[in-house]
Structure formats: structure tokens, C-alpha cells
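First up is the structure itself, then whatever we jot down about it.
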Amino acid sequence: MDKTLELINLSQQGDARARERLVIENTGLIWSVVRKFNGRGYELDDLFQIGAIGLLKCIEKFDPGFGVKFSTYAVPMILGEIRRFIRDDGMIKVARPLKEMAVKAKYAHEAFVTQTGKAPTIAELAATLDVDAEELVLAMESSFDVESLDSVIYKNDGNPVPLIEKIEQTSLKTESLADILALKEVVLQLDAKERQVIIMRYFQDKTQSEVAKAIGVSQVQVSRIEKRALSAMRKNLF
């Protein structure tokens, strides 16, 4: 048996030493996730502790039957644990240097448009400010106003819509690579039937009726499978 799987098995049986060793051996993995949140106004050591909690949950829930490596399974759960902490902690804290860079970027953007008649690319703006492009993107994102997911926006016809519904409709288009990888992993954790339904519904844009016909079940059954799969995905992501 693979040494990691052996340690996971022992840990799930209550072996504290095996659990502690798994955490130590995966310290680098936790830090690789934690560093994605550098510059967000949180102490990285604090986020590491939160990530370690996520890893412990992974150890508790991991099943070799998922068909993925433990490290691959762990990344989205560690990400989710840290994001949940930041969400519950309230508005994201933005470091002062990022705030200052965001202000400079705003004025540089306006000056560029005035001079050239077109909006600058991130690379052009970064060159103007003599900063790293990735750091500039982080600064610009940090300047966005934070909205409550319960706040109300309006459609063109004037009907109110909760912001969270709008986010759900567009999230796949705006997720970062890490989020896409996390989504892929939670889909892989579904059973074969759930995975097939999710792929056909959300990646092949098929209706429930079309899915039902393709896999030979009723539309009601497809609806139930879809709801069960989405519930499992939300739990593993968040």
C-alpha cells in the first residue's frame, strides 16, 4: 500500500501520530495554497493554520475510490477552508501598498486613455508604473468595492435579482485557474452517474430532458441526481 494511503488509513482509525505525520509531510502543499493569498491583509502564518484545518478534513474524508491523488484532492478543500475563513471574517483587508498602487493605476489609466485614445493593456499599465503585472492585477482587484451577496441588482425589465444569482450565472467565465482546477476535482469526486449528468448539463449545455433521453432515465431522476451532485460539489468546494 502507498505510504500516504497507509497513513491516511491509520489516521482515520484514530492514530494521532499518523495524522501528525501527514500534516508535516504536506506542509509544503499547505504553503503553496496559502501563498495565493499573499497581500490580502492576513498573516500567512494564520492562514497556514486555517489551511492545516482544511488538510485535516481532507485526511478524514479521503477515499482511494475517488481515483485521484491525495494532494490533488486536498488542494480545493484547503482553498475552500481559507476562503470560508476570509468570508466569515468580513470584508477582505487590503494592504496599504496595494491601495496606493491601485490609486496610481487609476490615474495612469486615465492619462493613457487621454494620450492614446484607447485603454491600456495590463502589460502597458505595468510598464508605465514600473511594477510587476501580477502585482498590478492584485492591486486593481483589491480596489473593487465589496458587495454583499444578499444585495439586490436589477434586470433590464426592472425585476430585482439577488447578486448571488447573478454571480452563479457568470462565475465559470471569471474563475481563476486555481478555481477551475478545484471545480475539476470536485466533479471527479462525484460518482459516475452524477458526473455524467453534471458534465452534460453544465459543460455540454444540454437540457434535463436531453440528458434523461441520453442516459435512459426520467427527467425527474435527472433533476434529483443533479441536485444531489450540486449539493456535494458545494460541500467540497466551500
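What follows is calculated from the coordinates using simple rules that are stated; it is not laboratory data. Remember, predicted model here, so these are calculated numbers, not experimental data. In this analysis, Cβ positions are derived from the backbone assuming ideal geometry, glycine residues included, and neighbour counts consider all displayed protein chains.
I'd like to compare 124-130, 52-58: which one has the highest average count of other Cβ atoms within 10 Å, and what's the full order after that?
Values: 124-130: 15.4, 52-58: 19.1.
In descending order of packing, they fall as 52-58, 124-130.
Rule-of-thumb check for the range 96-142: C-alpha Rg over 2.2 N^0.38 Å? Display every interim value, and only then the final one.
On the way: Rg = 9.9 Å, N = 47, 2.2 N^0.38 = 9.5 Å.
The value comes to 1.04.
Scan around Asp15 for amide H atoms under 5 Å from its own, H built in the peptide plane at 1.01 Å from N, and keep only partners 5 or more places away or cross-chain.
none
Using the structure shown, select from Lys206/Lys235; Lys69/Lys193; Lys36/Lys61; Lys36/Lys106; Lys3/Lys69 the pairs with a Cα to Cα distance greater than 18 angstrom.
Over 18 Å apart, Cα to Cα: Lys206/Lys235; Lys69/Lys193; Lys36/Lys61; Lys36/Lys106.
Give the separation of the Cα centroids, the range 57-84 to the range 203-238, in Å.
First find each Cα centre; the distance between them is then 23 Å.
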